[in-house]
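Novice: What follows is a structure written as structure tokens; I'll ask about it next.
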């Protein structure tokens, strides 16, 4: 057989930049603005739960006192928020209610499959850690003056990570890069 009679190689399926097979469909990386709206929706939903729990706690406590009920309610609020993000992001669809509303899903960067509960929890924990410095810095003035450098360290990591998709070709946050996930638009096919 001569080289001239060999069949031409079959090119890979054409996809636009930023597309990856996703559960048999093609999805593009989700734009930053959709992620921001989804975060707002999810935060609002979790906040409604927090508000409801706070109202219940207030009904059972005396004015100005911290009681066991308030501590338990605070714990339930934290656990509820962690479960919401972890179970929905790590589940089979990879979608919180905000992500579903905005037509997105968080998926494994390479395989396109679900990320699982462990990575979903790690993603949430790392993001919370990046914003943890902000929380500490907001409380610090009540206990004394803080150094401007500490304020910079507290204010920069979380917002920097959340803004990173604006300049990243895969539209990943810094947290997404560490956890090896991406947020994709779900195909309507």
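The values are calculated or read from the model by the stated rules, or taken from the named source; none is laboratory data. Since we're looking at a predicted model, the values are computed, not measured. For neighbour counting, all protein chains shown are included, and Cβ atoms are generated from backbone atoms with ideal geometry for every residue, glycine included.
Novice: Within the stretch 99-132, track down each residue that is within 18 Å of residue 161 (Cβ to Cβ), surrounded by fewer than 23 Cβ atoms within 10 Å (Cβ to Cβ) and in contact (Cβ under 8 Å) with a residue 60 or more places away in the chain.
Specialist: 109, 119
Novice: Further question: What's the number of the condition residue 116 fails, among (1) within 19 Å of residue 186 (Cα to Cα); (2) at pLDDT below 95?
Specialist: Answer for residue 116: the failing condition is (2).
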